[in-house]
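The values are calculated or read from the model by the stated rules, or taken from the named source; none is laboratory data. Computed from a prediction, not measured in an experiment: that's the story for all the values here. Backbone-built Cβ (ideal geometry, glycine too); neighbour counts: all protein chains shown.
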Amino acid sequence: MPMQPTPSSSAQPTALEKVIAFVDERVGLKTLQAKMLNEPVPGGSRWAYIFGSILLFIFIMQAVTGILLMFYYVPTADHAYASTQYIIHDVDYGWFLLSYHFWGSTAMVVCVFAHMSQVFLWGAYKKPRELIWLVGLALFGLVMGFGFTGYLLPWDQRAYWATTVGVEIMDKTPVVGDFMARFLKGGPTPGQMTLSRFFVIHVMILPAALMGLAGLHLFLFRKAGPAGPFHGSVEELKAKSDYFFPRQVWKDIVGMVTVFLAICALAFWEPVVLLEEATPDPGDYHPEPEWYFLFLFQMLRLKIFAGEFGQFLGAVALPGAFMAFLAALPFIDRDPERNIFKRPIALIGWIVVMTTILIFTVSAIINREFLD
Amino acid sequence: MPTGYDGMTDREVPSSVKLALKFLWFTFWTGFPLKLAFALLFLAMGMINFEARIALGFVMVLASPVTILALPILMMGLDSHIGEGVGIGLLFLLCIPIDIWAYGVVARTYFIERLRLEPPEGIGLSLWMKTAVVGALYLPILWLVVGFTTETAISVAHSLFELDLLKGVPVAERIGIQLVLWGSVATVVLLIMLLIGLWLVGLVIQASTKGAQPMSGSYQGRVTRWDLMRVPADQSLMLTTFAGTGIVLSLLFWSALPVTTPRPHDCCKKPEVKAQPPYKPIDALNKDEKLIAQLTTQLDELEKKKAEEETQGKSKRKGKAGKDPAKAPSANAPVQSESKKP
């Protein structure tokens with residue numbers, strides 16, 4: 001859509017208008033602005049569409065807080081713990097930055113789950129949006145990777161043993177598992193090499209991959225266009241259809257502010273507190289991963305997943321098969337029907353998966369109390 | 001085409017449960033960001049100190065229209081102490097106008113867009129008052145019923161696994177099965193109680209639709225009208241007000257934000273977990289080496305002492321042997337013994 005030149009109150013353009021015109025002539029700012037903001041939203045703006053923008057906002061905030069933390073954090077086995085304690089206790093507002101970064105990662109996982117659930121329930125993965133879904137799945141993997149690699153960095157008992165358990169699980173993957181585990185650990189037990197590798201992956205490789213894939217995700221989304229609501233008459237959809245700006249932008253901003261406030265409140269409520277410094281002796285500490293991996297951890301405690309084969313089945317085969325199924329979903333589910341209430345298998349499947357994750361997560365929390 | 005409500009509109013009023021769910025859901029999200037901003041500000045200023053871990057559902061999700069009167073009743077009834085600070089009371093007071101405003105916006109837009117009815121005057125205040133009263137009466141009952149059911153279900157589930165037949169079930173499986181058993185019962189009871197609560201709130205909302213006049217005009221016209229209710233005509237003024245409020249709140253927040261980790265209030269200190277002293281491999285090795293060196297010295301001294309005693313014993317025996325030839329050892333023995341000495 002061609003943009004009209006910005007009206008000026010006076011005949012002579014102001015200094016700001018001159019600067020904007022200068023940049024626009026060389027960069028095509030107004031065309032870009034028009035492309036970004038004038039995206040038609042079928043059926044109008046909705047609160048259900050805010051998760052993608054919120055995820056982008058959380059990622060930017062994680063990058064900002066992460067960079068600020070890097071000014072003080074020392075990624076060596078000798079100093080990682082002490083520098084994290086220094087950030088918490090001595091650096092001005094360091095406790096807040098670290099706690100925000102910690103709770104931000106949790107918020108990111110929650111929003112990824114919400115975004116994927118929304119896309120699944122809305123049937124927005126179907127033709128012609130298969131590639132958006134696939135790239136989204138890869139982004140989900142990256143978010144999990146961020147959580148896993150970032151967890152080791154404070155170098156306390158929780159970090160050390162969660163990583164030990166995680167790498168052991170990875171080791172069970174056929175063909176590449178042994179290589180991956182050896183590469184990540186860099187030695188027989190987690191130590192300096194492990195910390196260095198996790199740090200590089202966390203601050204260099206994953207952010208670069210995420211930026212690339214998020215860009216591709218957005219490009220594909222703009223190419224295919226928003227899916228729109230799955231119900232409503234043609235008259236309703238036509239009457240409510242709107243552009244991305246201003247209503248959807250406003251909703252996105254309100255969503256971002258709400259998430260920002262929620263993360264800040266959590267940082268206040270439960271600021272990050274470290275356990276003892278990492279040692280190869282767990283002592284009384286019962287190793288466990290971050291909360292979003294707890295369901296898998298609890299599942300592996302079941303008798304049917306005991307033994308070498310059982311552990312492989314629970315830790316690698318089942319989650320791998322589930323992810324493969326999700327990747328194949330748009331190609332298996334060819335029915336154009338998007339209304340979730342007319343797709344009973346999809347609805348029941350989603351409820352079963354969510355309930356299972358909830359039951360195993362709560363069981364892991366009860367199990368923790370039992371062990372204590 | 002569906003038959004109209006009171007035969008005057010072209011769309012039916014949804015069931016009371018659905019109506020209440022929609023109203024409460026939208027109202028909650030409309031007011032929540034504003035209330036959260038104030039809650040955060042009070043937290044930063046140290047005006048709120050929570051004792052309970054989840055602070056009674058974060059003050060019943062920031063005192064929604066349904067919980068605002070029920071929460072003090074529950075706190076008094078259960079004699080529970082969620083924390084201290086004037087911020088909790090102040091937050092409650094601030095929630096009232098925010099919820100009345102949020103209820104008004106939601107009700108007006110819903111009446112026009114979905115029900116196609118003219119919203120009555122003062123609908124926000126009237127609905128807020130009625131739902132607050134319903135919540136005050138009903139939520140304590142819900143709390144008691146669900147609490148009692150959950151406790152009973154937990155004890156029954158635990159006692160089931162005391163049976164000889166089930167004693168051999170491994171811990172992880174036992175925890176999972178117990179959770180499913182008591183969790184299902186508690187969830188079903190909670191859902192039933194919530195549905196009854198929603199039905200009651202829905203009746204209140206339905207009653208307010210009875211006196212409303214049907215709207216006329218095209219659908220597009222109605223959409224424009226309810227849209228303008230959410231977005232004021234003077235958008236610049238609204239944006240300036242919002243931005244100004246945001247800047248003031250942000251400045252207040254940063255000026256109140258503690259520089260170092262906030263210490264918990266005396267009332268709300270968390271139980272201290274005494275961690276085991278960390279295992280230091282090098283220290284342990286040094287300590288062990290010192291112990292080994294000490295023990296080696298002791299052993300050497302003992303051996304030396306023993307050897308001296310043996311030498312003294314031999315000389316004594318030699319003396320005795322001179323006197324008693326029958327008890328004298330063989331001629332080779334002392335030589336062998338001496339030769340084996342290091």
Go through (1) surrounded by fewer than 13 Cβ atoms within 10 Å (Cβ to Cβ); (2) touching a residue at least 12 places away in the same chain (Cβ under 8 Å); (3) under 28 Å from A:Val352 (Cβ atoms) one by one and return the number of the condition B:Ile154 breaks. (1)
Does B:Glu338 satisfy being within 57 Å of the chain's Cα centre (by Cα), modelled with pLDDT under 80, exposed (fewer than 10 other Cβ atoms within 10 Å of the Cβ) and not aliphatic (A, V, I, L, M)? no
Condition first: within 16 Å of A:Val119 (Cβ to Cβ) and within 14 Å of chain B (Cβ to nearest Cβ). Can you find one or more residues in region A:300-309 that meet it? no
Residue in region A:129-138 that is touching an Asp or Glu at 6+ places or on another chain (Cβ under 9 Å) and of a type in the set (Asp, Glu) present: no
Please go through (1) out of contact with any helix residue (DSSP H, G or I) (no Cβ under 8 Å at 6 or more places or on another chain); (2) within 26 Å of A:Val167 (Cβ to Cβ); (3) surrounded by 13 or more Cβ atoms within 10 Å (Cβ to Cβ) for A:Arg338 and return the number of the only condition it doesn't satisfy. (2)
Residues of region A:234-245 satisfying the condition of being at the interface with chain B (Cβ under 8 Å from one of its Cβ atoms) and touching a residue at least 12 places away in the same chain (Cβ under 8 Å): A:Glu236, A:Lys240
Positions within region B:180-212 being among the aromatic types (Phe, Trp, Tyr) and over 24 Å from the mean Cα position of the chain (by Cα), in sequence order: B:Trp199
The residue that is surrounded by the most Cβ atoms within 10 Å (Cβ to Cβ), considering only those in region B:190-221 that are more than 14 Å from every other protein chain (Cβ to nearest Cβ) and part of a loop (DSSP other than H, G, I, E, B), is B:Ala212
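So that you can scan it fast, the table gives a plain yes or no per residue for (1) hydrophobic (A, V, I, L, M, F, W, C); (2) under 22 Å from A:Val316 (Cα atoms); (3) touching a Pro at 6+ places or on another chain (Cβ under 7 Å):
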residue: A:Leu152; (1), (2), (3): yes, yes, no
residue: A:Glu168; (1), (2), (3): no, yes, no
residue: A:Gly177; (1), (2), (3): no, yes, no
residue: A:Gly187; (1), (2), (3): no, no, no
residue: A:Leu195; (1), (2), (3): yes, no, yes
residue: A:Phe198; (1), (2), (3): yes, yes, no
residue: A:Gly215; (1), (2), (3): no, no, no
Which condition does A:Tyr81 not pass, out of (1) part of a helix (DSSP H, G or I); (2) more than 19 Å from A:Pro289 (Cα to Cα), if it passes all the others? (2)
Condition test on A:Ile345, is it outside any loop (DSSP other than H, G, I, E, B), within 14 Å of another protein chain (Cβ to nearest Cβ) and free of Cβ contacts under 8 Å to residues at least 24 places away in the same chain? no
Any idea which of (1) outside any helix (DSSP H, G or I); (2) away from chain B (no Cβ under 12 Å); (3) not β-branched (Val, Ile, Thr) is the one A:Pro282 doesn't satisfy? (2)
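So that you can scan it fast, the table gives a plain yes or no per residue for (1) more than 14 Å from chain B (Cβ to nearest Cβ); (2) closer than 24 Å to A:Gly283 by Cα; (3) charged (D, E, K, R); (4) buried (at least 19 other Cβ atoms within 10 Å of the Cβ):
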site: A:Phe146; (1), (2), (3), (4): yes, no, no, yes
site: A:Tyr151; (1), (2), (3), (4): yes, yes, no, yes
site: A:Arg158; (1), (2), (3), (4): no, yes, yes, yes
site: A:Val175; (1), (2), (3), (4): yes, no, no, no
site: A:Phe179; (1), (2), (3), (4): yes, no, no, no
site: A:Gly191; (1), (2), (3), (4): no, yes, no, no
site: A:Met204; (1), (2), (3), (4): yes, no, no, no
site: A:Ala208; (1), (2), (3), (4): yes, no, no, no
Across region A:83-120, what is the number of residues that are small (Gly, Ala, Ser) and within 11 Å of another protein chain (Cβ to nearest Cβ)? 2
Would you be able to say whether some residue in region A:62-76 is within 13 Å of chain B (Cβ to nearest Cβ), crowded, with 16+ Cβ neighbours inside 10 Å and assigned to a loop (DSSP other than H, G, I, E, B)? no
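Yes or no, residue by residue, for (1) within 23 Å of the chain's Cα centre (by Cα); (2) among the charged types (D, E, K, R); (3) not in a helix (DSSP H, G or I):
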| position | (1), (2), (3) |
| --- | --- |
| A:Pro289 | yes, no, yes |
| A:Ile304 | no, no, no |
| A:Gly320 | yes, no, no |
| A:Ala328 | yes, no, no |
| A:Asp335 | no, yes, yes |
| A:Val353 | yes, no, no |
| A:Ile359 | yes, no, no |
If I ask for residues that are more than 13 Å from A:Tyr49 (Cα to Cα) and either out of contact with any Leu (no Cβ under 8 Å at 6 or more places or on another chain) or buried (at least 19 other Cβ atoms within 10 Å of the Cβ) (or both), which ones from region A:105-119 would you list? A:Ser105, A:Ala107, A:Met108, A:Val109, A:Val110, A:Phe113
Residues of region A:168-193 being in a helix (DSSP H, G or I), touching a residue at least 24 places away in the same chain (Cβ under 8 Å) and under 18 Å from A:Tyr151 (Cα atoms), in sequence order, are A:Ile169, A:Gln192
One residue from A:Ser105, A:Ser196 being over 30 Å from A:Trp350 (Cα atoms) and hydroxyl-bearing (Ser, Thr, Tyr): A:Ser196
Over region B:257-302, the set of residues loosely packed, with under 12 Cβ neighbours inside 10 Å, of a type in the set (A, V, I, L, M) and at pLDDT below 70 is B:Val273
Filter region B:232-261 for residues that are part of a loop (DSSP other than H, G, I, E, B) and within 36 Å of the chain's Cα centre (by Cα); the one that is nearest to B:Trp101 (Cα to Cα) is B:Leu257
Being within 14 Å of chain B (Cβ to nearest Cβ), under 24 Å from the mean Cα position of the chain (by Cα) and not in a helix (DSSP H, G or I) narrows it down to one residue among A:Val257, A:Val272, A:Val249; which is it? A:Val272
